[in-house]
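Can you read through this structure? Questions will come right after.
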Amino acid sequence: MAEHPALSLRGLVKRFDTKVAVAGVDLDVPTGSFYGLLGPNGAGKTTTLSMAVGLLRPDAGQARVLGYDVWADPVRAKGLLGVMPDGVRLFDRLSGAELLAYHGLLRGMDPAVVDQRAAELLDVLALGDAGRTLVVDYSAGMKKKIGLACALLHGPRLLVLDEPFEAVDPVSAALIRDILHRYVLGGGTVIFSSHVMEVVERLCSHVAILAQGRICRVGTLDEVRAGRPLEEAFVAAVGGRTATGEELSWLSR
C-alpha cells in the first residue's frame, strides 16, 4: 500500500462575504519533503494553511494529514501536526518555559518529558537566557523561535509554518533553517509559506505557487524554476510586471 502524503488538500474553498480567498486548492505534500508555498500578498496562503491544520473551517473541500481527515478525525490528525500560525498567536503572558509546559500538558504529555524537551529546545534556540522574561516582551525573532519550539515539542511528523522567517534577524533565521533542515533529514516533513526566494531555493525540495486563491505552479524546485531563478519563475507565474523606462521618469535626473 502506498504511503499517504504528509498533507493532502482536495478542493479547498473559502469565502469571506463576497470575496473568494481560496478557490479550490488541490495539493499533495510528499512525506519527507521540504515544501515551499509561495504567493503574493492576498493570494490565500495563510487561509489555505489555516484550513489545512484545522484553524479555519473550509466552505468546501478536505484536508488530510498522513491519511487522517483534519475535520472528521481531528485528534489523530492534529496529534501528527506541529503548527506555527501567522502572527505567532501565543499565550504571551507566560515565560518561554511556562509556555512550553502549558503546550505539553495540553497535549497530555508526561510532565517529565515536557521539562526535558523544553530545556533542550530553549537551549538550542538560544532562549535559555530569557529566563523569566514574558513572551510578550520577546523580540520578533525570539517570538518566532518560541513559536517553533511549541510546534516541535511533541515530536510531530509534519510541521506547518506560516512565514517563519518574516521579521527575523539573520542569526535567528540561520538557526531556524538549521533546525528545520535537521528535522527533515530525520524523517519529518515541512511545509511553509514565505516571500523570501533565497530561503526557499536554499531549503525546499518542492514548491507550489498560489495566486488569486489557486495553485498556478507546482512541482519540484527544479520543475518550477524551469532553468530560471525562482524569483523570475514566481513573477512570471503570478503575472507580475516591471516598470518601463518611460514610467516614473521624474525620479531620474
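The values are calculated or read from the model by the stated rules, or taken from the named source; none is laboratory data. It should be emphasised that the depicted structure is a prediction, and the values quoted were computed from it without experimental measurement. When we count neighbours, we look across all protein chains shown, and the Cβ atoms used for this are built from the backbone with ideal geometry, even at glycine. In case anyone asks, the SASA skips ligands and DNA or RNA and just uses the protein heavy atoms, side chains included. Shrake-Rupley method; radii C 1.70, N 1.55, O 1.52, S 1.80 Å.
So if I take the centroid of the Cα atoms in the range 1-38 and the same for the range 97-167, what is the distance between those two points in Å?
26
Given labels modelled 7 Å from the Cα in the Cβ direction, how far is it in nm from Ser139 to Val124?
2.2
Run down the lysines and flag those whose C-alpha is under 18 Å from the C-alpha of Lys14, throwing out any fewer than 8 positions away in its chain.
Lys45
Next question. Restricting to Cα pairs below 8 Å that are 6+ residues apart, what does the relative contact order work out to for the chain? Please round to a whole percent. Please list the in-between numbers first.
On the way: 463 pairs, mean separation 62.6, N = 253.
Relative contact order, the chain: 25 percent.
Taking R0 as 45 Å, what FRET efficiency do you get between Asp115 and Arg214 from their Cβ-Cβ distance, rounded to the nearest 0.05?
Details: r = 45 Å, r/R0 = 1.01.
Plugging the Cβ-Cβ distance into 1/(1 + (r/R0)^6) gives 0.50.
What are the residues whose amide H is under 5 Å from the amide H of Asp59, where those residues sit 5 or more places off or on another chain and H is modelled from the backbone?
Val13, Lys14, Arg15
When the chain is fully extended, how far beyond the present Cα-Cα distance does Leu251 get from His4, taking 0.36 nm per residue of separation? Provide the component values of the computation, followed by the final result.
Working: separation 247, 0.36 × 247 = 88.92 nm, distance 5.45 nm.
Additional length available on full extension: 83.5 nm.
Still on this structure: Rg and Dmax in Å for the range 54-183, alpha carbons only: what are they?
14.9, 46
Further, regarding this structure: Could you tell me what percent of the accessible area of the chain is made up of carbon and sulfur, with a 1.4 Å probe and every protein chain present? Walk me through the numbers on the way to the answer.
Working: 6720 of 12860 Å².
Solvent-exposed carbon and sulfur of the chain make up 52 percent of the total.
Here's something else I'd like to know. Read phi for every residue in the range 17-25 and hand back ³J(HN,Hα) as whole Hz from Karplus 6.51 cos²θ - 1.76 cosθ + 1.60, θ = phi - 60°, with x for Gly and Pro.
6, 8, 8, 8, 7, 10, 10, x, 8
Just name one of Val13, Leu94, Leu80: the one whose Cα is farthest towards the positive end of the charge dipole of the range 1-113 (beta-carbon charges, Lys/Arg +1, Asp/Glu -1).
Val13
With every protein chain kept in place and ligands, DNA and RNA left out, what is the accessible area per residue of the chain? Probe 1.4 Å, answer in Å².
Working: 12860 Å² over 253 residues.
Result: 51 Å² per residue.
Pick out which of Pro164, Pro85, Pro111 has the largest mean-square fluctuation in a Gaussian network model of the chain, springs linking Cα atoms closer than 10 Å.
Looking only at Pro164, Pro85, Pro111, the largest GNM fluctuation is found for Pro111.
Students sometimes get this wrong: rank Thr47, Thr31, Thr189, Thr18 by accessible area, probe 1.4 Å, all chains present, largest first. Numbers along the way, then the final one.
Numbers: Thr47 25, Thr31 50, Thr189 0, Thr18 135 Å².
Ranking Thr47, Thr31, Thr189, Thr18 by accessible area, largest first, yields Thr18, Thr31, Thr47, Thr189.
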